[in-house]
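Structure first, commentary second.
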Amino acid sequence: MSIMTLTHLQRLEAEAIHIMREVVSEAEKPVMLYSVGKDSAVMLHLAKKAFYPSPPPFPLLHVDTTWKFRDMYALRDRAARKAGMQLIVHQNPEALRAGINPFDHGSLHTDMWKTEGLKQALDLHGFDAAFGGARRDEEKSRAKERIFSFRTASHRWDPKNQRPELWRTYNARKNKGESMRVFPLSNWTELDIWQYIHLENIEIVPLYYAAERPTVKRDGLLLMVDDDRFPLNGEKPVMRSVRFRTLGCYPLTGAVESRAQTLPEIIQEMLLTTTSERQGRAIDHDQAASMEKKKQEGYF
Amino acid sequence: MNEIYKTDALIAEDIDTYLETHQHKTMLRFITCGSVDDGKSTLIGRLLYDSKMIFEDQLATLEADSKRVGTQGEAIDFALLVDGLAAEREQGITIDVAYRFFATEKRKFIVADTPGHEQYTRNMVTGASTADLAVILIDARKGVLTQTRRHSYLAHLIGIRHLVLAVNKMDLVDYDEAVFKKIVADYRSFAESIGILDFTPIPISGLAGDNITSRSQATPWYDGPVLLDHLETVELDQTADQLKPFRMQVQWVNRPNLDFRGFAGTIASGQIRMGDEIRVLPSGKTSTISRIVTLDGDLEVAVAGQAVTLCFADEIDCSRGQIITASKSPVEVADQFEATVIWMDEDELVPGRAYWLKIGPQTVTASVAHPKYQVNVNTMEHLAAKTLDLNAIGVANITTDRDIPFGGYDESRDLGGFILIDKMTNRTVGAGLIHFALRRAQNIHWQATDISREHHAAMKNQKPMVLWMTGLSGSGKSTIANIVEKKLARMNRHTFLLDGDNVRHGLNKDLGFTDSDRVENIRRVGEVAKLMTEAGLIVITAFISPFRSEREMVRSMLPPGEFIEIFIDTPLEEAEKRDVKGLYAKARAGQLKNFTGIDSPYEPPEAPHIRIDTTKMSAEEAADLIIEKLIP
């Protein structure tokens with residue numbers, strides 16, 4: 001008998017597929033959080049593999065802030081259509097009414113649109129398990145989170161009282177109103193994600209590739225002026241060759257100057273770079289242990 | 001020059017070649033364990049740092065944090081890099097497993113940094129359960145400690161086959177070979193006593209970087225591998241699993257349309273090829289593999305660790321939780337096992353109570369008997385034990401409510417490892433490692449009888465049922481039950497009243513009032529009630545039956561609709577005021593232990609069929625209400 005040694009990517013792929021099949025078998029109403037970023041792209045691709053030839057037996061949920069890049073909205077609709085999956089878009093009606101935006105409202109923007117928006121959407125549709133694309137290499141409190149992460153009826157995470165999680169035997173049981181957040185990409189690193197996108201030829205938002213884009217420098221971040229809602233205080237957008245290592249709300253997401261136009265070039269740049277991925281996001285810098293706190297409150 | 005540093009040049013000059021190499025890397029998962037100051041975090045910090053997994057901004061944060069809350073003065077405190085939770089940084093200890101990632105030329109590594117404190121054993125077990133290798137750290141100045149023994153025992157118990165004994169802080173003992181040899185000899189005699197036959201000892205210094213990524217000049221007497229070399233070359237368990245017989249637990253049946261029926265799962269061991277003969281357990285039905293389906297096209301062969309979808313040539317029954325095996329080497333099927341149980345919940349194990357048992361994708365109801373013994377994880381002594389509390393490890397018999405296909409844990413973590421889940425809280429309360437099946441159940445055959453339960457019931461012209469009255473002591477259960485039985489007798493119904501006090505004079509006179517005795521009390525009453533319904537009787541019971549899970553257990557023993565839960569709802573103050581038997585007074589005076597409502601909990605039914613509020617109606621009215629609701 002010949003031995004076939006699985007590569008680390010094959011093992012990670014199998015693990016993610018195993019996790020997704022467990023959720024579909026045990027949850028009453030699962031959903032996949034789809035943020036249109038590269039991790040979401042990989043997660044969606046894995047979902048197609050897990051259930052082929054059936055389409056993934058759950059909908060995609062985009063918790064929208066109305067402030068994403070235009071390119072993201074375009075890919076979102078196309079990707080859902082190609083996968084044959086229902087796409088649910090949720091915008092927090094209160095945030096919409098109050099005109100919450102990242103320019104005037106600081107951290108309230110994230111709280112209202114993302115944290116509250118997510119909770120509303122899960123409650124509204126009665127989803128009891130939600131896949132998220134978070135990885136343990138992203139941030140210190142994530143490094144400690146279980147793959148099946150239990151949430152109380154008020155969506156709280158209790159980091160000091162996590163369920164033990166042995167082997168690949170996951171406990172998905174919960175009482176009514178409680179839910180699970182499930183992270184099939186927990187053990188992937190940023191490099192794994194990029195390499196997998198490269199090998200599997202997965203479509204990602206063009207913003208990850210370098211191109212000439214209108215940008216301004218503000219608070220140490222290089223921001224792209226993606227539409228005319230961007231208030232310019234006398235600044236003049238400058239065309240720079242930039243790309244994004246991570247994608248969120250465009251006024252909160254810093255670009256990096258780059259000439260990387262292919263995936264190998266992106267990976268090369270990432271490997272030789274000396275700053276971590278989340279640095280481009282304003283959200284983590286607010287306070288020490290900020291992500292742990294946000295997660296306890298229900299942020300993904 | 002070290003290999004890690006060569007990588008940079010390759011990335012810069014020829015990214016495609018680098019990607020090609022990286023793509024073919026294998027993956028090793030390992031844990032690090034040791035006592036609080038053995039230098040675990042420093043070692044991991046160094047591995048991450050040396051493999052360039054720490055970015056500048058993280059390093060800047062780390063330097064700032066080190067000065068603010070670190071324990072290393074002005075120097076970098078690597079522990080802060082690994083201790084991710086706010087509570088951990090405040091207390092300076094590791095509470096939960098942290099997963100870290102790094103890669104070298106040959107392999108990608110996932111390292112689980114597991115806590116050393118005994119109170120976080122369940123978290124160490126979580127980290128160890130997915131690991132191929134364990135690095136046991138020892139402080140060269142302190143030698144083999146109690147914690148060293150505990151961690152080694154747990155790692156071995158959970159099935160980690162590769163152990164590295166990293167004797168750390170060699171710089172603080174002047175790289176003395178004698179110190180190293182003494183520690184290795186001490187460890188070897190302990191290791192052999194618990195069945196660890198092989199381990200790799202390495203003298204290191206996490207702080208100075210000796211023998212971690214490169215050979216140290218300070219230990220010329222050492223000719224074994226350096227730590228990273230060993231991690232890069234040790235044989236993977238997953239490769240060995242491929243040589244075993246084929247087994248796959250079915251997770252999900254894929255049925256997109258009438259023409260396709262596939263069985264999805266992750267291959268636990270062995271290989272499977274097109275045309276292979278398979279057997280499905282527990283049914284024992286056989287077929288052959290017609291397709292191995294993936295999105296990227298059908299495969300000719302699939303191996304342990306891959307997640308696939310299998311199609312059979314024949315239409316045979318197969319569903320979630322069943323196991324597909326090579327037809328010539330099937331797995332065993334049983335409903336009673338001996339297993340090592342690791343208890344992981346603040347609430348202790350209640351022997352006899354019904355828990356969910358999840359093994360692979362299958363969930364069944366199971367109970368754990370009184371432990372045969374508990375292991376003192378610090379001394380390896382076997383102790384007598386009535387139960388298992390948080391972090392306790394013991395050996396006990398397990399009974400499941402149906403036959404399940406399984407394997408011994410030493411053969412397969414997938415087929416022999418299970419978790420126990422509390423039916424009320426849904427918490428994961430225990431983990432189990434199956435040793436072997438007990439043959440008892442297989443040798444006691446069910447004798448088929450010709451007069452069926454339906455026949456018995458038809459002769460009495462009634463529908464058998466169990467009227468299960470639950471409520472506090474003194475709530476009025478026995479009084480109401482007695483009136484109900486008298487009224488039914490007048491209606492020519494065949495009944496029998498099982499009363500809590502009366503049963504304890506005979507059938508259950510060997511039982512006391514501890515939680516596990518209460519469980520056994522109810523289990524026996526449930527079995528007796530079941531026999532009586534099979535004889536066609538209407539059974540009325542009056543037991544406090546304080547726990548929801550036991551009432552649930554009796555419900556599950558009976559056919560659907562025959563268990564009628566009646567909640568005799570009398571508030572504690574009222575029952576205590578009545579105190580017909582004078583028991584509350586005794587309990588309050590401390591003369592009666594484990595008294596329900598005083599120092600033992602009562603869990604009221606969440607959705608009883610009938611609720612009797614005794615503060616609003618008399619016993620006579622209550623009995624009328626019950627009969628009116630149940631007898632048409």
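Throughout, read-outs are computed from the coordinates displayed, never taken from laboratory work. Worth saying up front: this structure is predicted, and the values here are computed from it rather than measured. With ideal geometry, Cβ positions are generated from the backbone for all residues, glycine too; neighbour counts draw on all protein chains shown.
Let me check I've understood the local charge: for A:PRO206, count other residues with C-beta under 11 angstrom from its C-beta, Lys and Arg +1, Asp and Glu -1. What total comes out?
+1
Take chain A, connect every pair of alpha-carbon atoms lying under 10 Å apart with a spring to form a Gaussian network, then pick out the residue of A:PRO93, A:PRO214, A:PRO53 with the largest mean-square fluctuation.
Among A:PRO93, A:PRO214, A:PRO53, the largest mean-square fluctuation in the Gaussian network model of chain A belongs to A:PRO53.
Per 10 Å bin, what is the whole-percent P(r) computed from every C-alpha pair distance within chain B?
Result returned by the calculation: 3, 13, 19, 20, 18, 13, 9, 5, 1, 0.
About its Cα centre, what dipole magnitude does chain B give when the only charges are +1 on Lys and Arg Cβ and -1 on Asp and Glu Cβ, stated in debye to the nearest 20?
For this selection, approximately 2540 debye.
Each residue of region B:15-28 in order: what ³J(HN,Hα) in whole Hz does its phi give by Karplus 6.51 cos²θ - 1.76 cosθ + 1.60, θ = phi - 60°, with x for Gly and Pro?
Karplus-based 3J(HN,Hα) across region B:15-28 equals 5, 5, 5, 4, 4, 4, 5, 4, 4, 9, 5, 9, 10, 10 Hz.
Just want the ordering: A:ARG259, B:ARG291, from fewest to most Cβ atoms lying within 10 Å of their own Cβ.
Details: A:ARG259 11, B:ARG291 16.
In increasing order of surrounding Cβ atoms, one gets A:ARG259, B:ARG291.
So what's the gap between the Cα centers of region B:522-550 and region A:50-95, to the nearest angstrom?
About 52 Å separates the Cα centre of region B:522-550 from the one of region A:50-95.
Grab the beta carbon distance between B:LYS593 and B:ASP401, set R0 = 30 Å, and tell me the FRET efficiency rounded to 0.05.
Computed FRET efficiency for B:LYS593 and B:ASP401 comes out at 0.40.
What's the exposure ranking of B:MET380, B:MET344, going from fewest to most Cβ atoms within 10 Å?
Ranking B:MET380, B:MET344 by Cβ neighbours within 10 Å, fewest first, gives B:MET380, B:MET344.
Tell me the relative contact order for region A:204-284 as a rounded percent, counting alpha carbon contacts under 8 Å between residues six or more apart.
Taking the mean separation of contacting Cα pairs over the length of region A:204-284, I get 32 percent.
Towards the positive end of the charge dipole of chain A, with charges on Cβ (+1 Lys, Arg; -1 Asp, Glu), say which of A:HIS105, A:ILE197, A:THR7 has the farthest Cα.
A:THR7
Working from Cα positions, state the angle (0 to 90°, nearest 10) between the long axis of helix B:515-534 and the longest principal axis of chain B.
Around 50 degrees separate the two axes.
Find, among the GluC sites (Glu not before Pro) in region B:146-250, those assigned to loop by DSSP (not H, G, I, E, B) with at most 14 other beta-carbon atoms within 10 angstrom.
Working: sites: B:GLU177, B:GLU192, B:GLU232, B:GLU235; in loops: B:GLU235.
Passing sites in region B:146-250 are B:GLU235.
Could you tell me the distance between the Cα centroids of region B:277-322 and region A:1-34, to the nearest Å?
Between the Cα centre of region B:277-322 and that of region A:1-34, the gap is 17 Å.
Using the Karplus equation 6.51 cos²θ - 1.76 cosθ + 1.60 (θ = phi - 60°), what ³J(HN,Hα) coupling, rounded to whole Hz, does each residue of region B:222-229 give in order, writing x for Gly and Pro?
Karplus values, whole Hz, x for Gly and Pro: 9, 10, x, x, 7, 3, 5, 4.
Out of B:ILE564, B:SER193, B:ILE267, whose Cα points farthest toward the positive end of the dipole of chain B (charges: +1 Lys, Arg; -1 Asp, Glu; placed on Cβ)?
Of the options given, the answer is B:ILE564.
Compute the distance from the alpha-carbon center of region B:327-385 to that of region B:109-162, in whole Å.
21
Give me the net charge of B:GLN23's neighbourhood, meaning all other residues with Cβ under 15 Å from the Cβ of B:GLN23; Lys, Arg count +1, Asp, Glu -1. Mind dumping the intermediate values first?
Numbers: positive: A:ARG11, B:LYS25, B:LYS106, B:ARG107, B:LYS108; negative: A:GLU13, A:ASP192, A:GLU200, B:ASP14, B:ASP16, B:GLU20, B:GLU105.
Net of charged neighbours comes to -2.
From Cα pairs below 8 angstrom and at least 6 apart in sequence, can you work out the relative contact order of region B:244-326, rounded to a whole percent?
39
Springs between alpha-carbon atoms under 10 Å, Gaussian network over chain A: tell me which of A:TYR196, A:TYR208, A:TYR34 tops the mean-square fluctuations.
A:TYR196
Give A:LYS68/A:LYS160; B:LYS108/B:LYS423; A:LYS29/B:LYS423; A:LYS114/A:LYS160 a once-over and call out the pairs whose C-alpha atoms are over 27 Å from each other. Mind dumping the intermediate values first?
Values: A:LYS68/A:LYS160 34 Å; B:LYS108/B:LYS423 39 Å; A:LYS29/B:LYS423 21 Å; A:LYS114/A:LYS160 24 Å.
Flagged as over cut-off: A:LYS68/A:LYS160; B:LYS108/B:LYS423.
If a paramagnetic tag sat 7 Å from the Cα of A:HIS105 along the Cα-Cβ line, which residues of region A:238-261 would have the backbone N under 17 Å from that point?
Once the point is set 7 Å along Cα→Cβ of A:HIS105, A:249-253 turn out to lie under 17 Å by backbone N, inside region A:238-261.
Summing Lys, Arg as +1 and Asp, Glu as -1, what charge do residues with Cβ under 9 Å from the Cβ of A:TYR250 carry, A:TYR250 excluded?
Here the count lands on 0.
Under Stokes-Einstein, with the Kirkwood radius over Cα pairs standing in for Rh, what whole-number D in µm²/s applies to the protein assembly as shown at 37 °C and 0.692 mPa s? All intermediate terms of the calculation are to be shown ahead of the outcome.
Details: Rh = 30.8 Å.
Taking Rh from Cα pairs, D becomes 106 µm²/s.
Counting other C-beta atoms within 10 Å, which of B:PHE595, B:PHE109 has the fewest, and how do the rest follow?
B:PHE595, B:PHE109
What per residue convex hull volume, in Å³, do the alpha-carbon atoms of region B:333-440 yield?
94
If you wrap a convex hull around the Cα atoms of chain A, how much volume per residue is inside, in Å³?
144
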